[in-house]
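Reviewing the structure listed below.
Quick note: the coordinates plus some simple rules give every number you see, no bench work behind them. Just so you know, these numbers come straight off a predicted model, no measurement behind them. Cβ sites come from the backbone with ideal geometry, for glycine too, and all protein chains shown count toward neighbours.
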Amino acid sequence: MAREIHGMVEKRGAGLWLTHVFMILGVLVIFFPIWLAFVASTVTQADIIRPPMPVWPGDQFWTNYKNALFSGVNVPVGTMLMNSLIMAIGIAFGKIVISLLSAFAIVYFKFPGRSVFFWLIFLTLMLPVEVRIVPTFEVVASFGMLNSYSGLIFPLIASATATFLFRQFFLTIPDELAEAARVDGARPMRFFWDIVVPMSRTNIAALFVILFIYGWNQYLWPLLITTDPEMNTIVMGIKQMFPSGDDFAHWPTIMATSILAMIPPVIVVVGMQRLFIRGLVDSEK
Amino acid sequence: MEKRVTFRGWLLPLLLIAPQVIISAVFFFYPAGQAIWQSLFIPDPFGLSMQYVGLGNFEFLLSDPFYRASFVTTAIFSILVTLCSMIPALFLAVLADRLIKGSGVYRTLLIWPYAVAPAVAGVLWLFMFNTRVGVISWYLGQLGYDWNHVLNGGEAMGLVVVASAWGRISYNFLFFFAALQAVPKSVIEAAAIDGARFWRRFWTIVLPLLSPTTFFLLVVNIVYAFFETFGVIHTITAGGPQQTTTILVYKVFSDGFVGQDLGSSSAQSVILLIVVGLLTVVQFKFIEKRVHY
């Protein structure tokens with residue numbers, strides 16, 4: 001104790017030391033829920049329903065994860081993981097493709113109705129799916145797209161953020177490049193493939209990271225349109241694992257599923273940290 | 001801003017823009033139009049016909065004490081989520097900014113919760129505060145505090161606020177950290193030479209310089225609390241107890257899908273639409289300002 005108080009006088013060293021202490025405390029507090037979920041996924045149900053539960057991992061890791069992945073509660077978690085993966089990649093890929101094309105048309109062509117389309121797309125920036133769920137549900141149902149991947153994906157790619165991002169970026173591409181392409185007699189689509197797309201590589205990657213997480217973490221929409229457990233995504237499927245009555249939820253399986261549900265987005269965010277931060281800053285500008 | 005050099009033709013650009021326009025029309029403009037249209041009608045109890053009621057649904061909603069309560073709940077919820085996610089984030093960002101080495105490691109650890117879906121965050125927090133098996137509720141019980149968010153509205157609100165703010169801390173941290181790194185070191189040093197202590201420097205120099213970021217985050221976090229926290233509320237409280245955690249978006253869902261009250265749900269969608277529009281205007285006004293800053 002005495003040493004600490006003495007250290008406070010020397011501003012620099014003690015300040016730095018304290019900063020680390022606070023920082024580590026902050027990280028521990030923020031990590032605590034994840035840690036607890038991990039511990040719960042490695043012990044038995046009996047360990048949990050007699051509180052307090054242990055704070056260190058048990059020896060049931062393989063049993064619980066195997067049970068979750070291959071049996072689950074309503075449907076194997078492996079199936080839900082696959083559904084989530086298809087949905088997230090479909091949303092990210094779909095949004096990027098349609099936005100690249102429409103941004104290219106808006107920036108590099110002057111055609112009748114261009115500004116009308118521009119404003120129509122702009123309007124879609126404003127309305128999250130949560131606000132128009134009932135009528136969107138009816139549209140999807142009337143197309144027979146309930147319990148299908150296209151029903152999960154299409155309504156969520158109708159948004160303009162990505163189009164605006166690409167538009168901003170295309171405007172910074174030097175005019176000389178388009179000029180040269182035109183002089184060489186290159187067709188617009190050739191210019192698109194050979195110049196525009198390769199130049200947008202980093203933006204595409206950054207956007208992919210953000211959109212993947214957006215798609216993966218969707219909850220309300222899959223909850224409404226996937227009534228068949230085989231089509232549940234993992235994020236919405238966790239809630240379905242809770243029993244409706246007074247029974248005890250099977251926490252080890254539920255917590256193993258929660259951990260499995262966060263692994264792919266965490267890998268994407270942490271593994272592609274620089275792209276992720278860039279995408280975050282870009283898409284909010 | 002316009003390009004000087006453009007390509008000729010009108011068919012190709014129309015084809016290029018078609019996918020986005022068609023998808024927006026089918027899954028966005030049509031449903032939004034439907035919401036506005038349906039908000040003017042009341043379906044009969046058998047769902048066979050619709051009766052035109054003009055603005056009746058809106059009048060009914062605005063005089064409905066449950067709906068008004070939901071407005072207040074949403075306001076309280078968003079303010080609390082915004083504060084609970086921004087203040088810790090700013091604190092951590094200031095700490096990380098003081099470090100010359102190691103801030104990258106902390107940053108990597110701190111961005112984890114951002115990747116956790118709100119619904120999963122809800123399950124994690126529900127687990128800690130579960131009335132029968134929760135670790136924190138058990139320790140609270142040992143201390144003589146009987147935690148029960150299933151019956152106590154205040155505790156339910158506290159729990160959904162914390163669970164919603166948790167993942168947002170990462171997001172706000174990243175923006176505050178980037179803004180702090182951009183504060184010119186010469187200004188800070190000049191103040192330090194003039195004898196200003198850390199806290200004085202922070203209040204008089206750093207915080208004002210952060211104001212564009214702070215304002216931006218205020219708007220973004222409010223939008224988040226309004227629209228993206230459905231998963232947290234649905235997993236933890238399902239709007240209860242006695243609708244104390246029923247925010248507006250949750251009410252659109254519970255009235256439209258659970259209660260099957262289409263007219264009212266559509267009218268609520270339209271009101272939310274207006275709210276989103278206002279928030280978007282505020283956001284754009286601000287972005288203009290930031291460019292001039």
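Listing for the model above:
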| item | result |
| --- | --- |
| Candidates A:PHE93, A:PHE32, A:PHE166, ranked by Gaussian network fluctuation over chain A, Cα under 10 Å, top entry | A:PHE32 |
| In chain A, lysine pairs closer than 27 Å at Cα, eight or more apart or cross-chain | 4 |
| 5 angstrom amide H check on B:VAL53, placed H, neighbours 5+ away | B:PHE41, B:ILE42 |
| Approximate spin-label separation A:ALA180-A:SER150, in nm, with each point projected 7 Å along Cα-to-Cβ | 4.2 nm |
| Nearby aspartates and glutamates by direct alpha-carbon distance to B:LYS3 (threshold 20 angstrom, same-chain neighbours under 8 apart not counted) | A:ASP175, A:GLU176, A:GLU179, A:ASP184, A:ASP194 |
| Cα gyration tensor, the protein assembly as shown - rounded (a/c under 1.5), prolate or oblate | oblate |
| Using θ = phi - 60° and Karplus 6.51 cos²θ - 1.76 cosθ + 1.60, couplings along segment A:214-228 (whole Hz; Gly, Pro as x) | 4, x, 4, 8, 4, 10, 4, 5, x, 4, 6, 9, 10, 7, 8 |
| Computed [θ] at 222 nm, helices only, for chain A once each DSSP H run of length n ≥ 4 contributes -39500 (n - 2.57) | -22000 deg cm²/dmol |
| Two-site label geometry, B:VAL53 and B:GLN142: point separation in nm, points 7 Å out along Cα→Cβ | 5.4 nm |
| For segment B:179-245 and segment A:81-101, distance of Cα centres in Å | 32 Å |
| Gain upon complete extension [B:ARG132, B:ARG4; 0.36 nm per residue less C-alpha separation] | 39.3 nm |
| Fluctuation leader among B:MET86, B:MET128, B:MET157 - chain B, Gaussian network, Cα springs under 10 angstrom | B:MET128 |
| For segment A:140-285, diffusion coefficient by Stokes-Einstein and Kirkwood Rh (Cα), 25 °C, 0.890 mPa s, µm²/s | 133 µm²/s |
| Sites B:LYS185 and A:GLU230, calculated FRET efficiency, Cβ-Cβ separation with R0 56 Å, nearest 0.05 | 0.45 |
| Gain in span if fully extended, A:ILE173 to A:VAL270, counting 0.36 nm per residue against the direct Cα distance | 31.9 nm |
| Alpha-carbon centroid distance for the pair segment A:210-277 / segment B:68-126, whole angstrom | 19 Å |
| Residue-wise HN-Hα coupling along segment B:238-255, computed from phi with Karplus coefficients 6.51, -1.76, 1.60 (Hz; x: Gly, Pro) | 6, x, x, x, 6, 6, 6, 10, 7, 7, 4, 5, 5, 5, 4, 5, 6, 6 |
| Within-13-Å neighbourhood charge of A:LEU177 [Cβ basis; K, R +1; D, E -1] | -1 |
| Segment B:194-279: trypsin sites (Lys or Arg not before Pro) in DSSP loop, at most 16 other beta carbons within 10 Å | B:ARG197 |
| Karplus-derived 3J(HN,Hα), 6.51/-1.76/1.60, for each residue of segment A:58-63, Hz, glycine and proline x | x, 10, 9, 3, 5, 4 |
| Chain A: radius of gyration over Cα atoms, expressed as a fraction of 2.2 N^0.38 Å | 1.31 |
| 0 to 90° range, to nearest 10: angle between helix A:77-108 axis and chain A longest Cα axis | 30 degrees |
| Among B:THR244, B:THR73, B:THR204, residue whose mean-square fluctuation peaks in a GNM of chain B (springs only between Cα atoms under 10 Å) | B:THR204 |
| Shielding by partners, peptide B:128-137 (average Cβ within 10 angstrom, other chains) | 5 |
| Top positive-direction residue, dipole computed over chain A with Cβ charges, set A:THR44, A:GLN60, A:VAL269 | A:VAL269 |
| Qualifying chymotrypsin sites (Phe, Trp or Tyr not before Pro) for segment B:107-171 [loop in DSSP, other Cβ within 10 Å: at most 14] | B:TYR145 |
| Prolate/oblate/rounded label for chain B (Cα gyration tensor, a/c 1.5) | oblate |
| Around B:LEU11: net Lys/Arg minus Asp/Glu count, Cβ-Cβ under 15 Å | +4 |
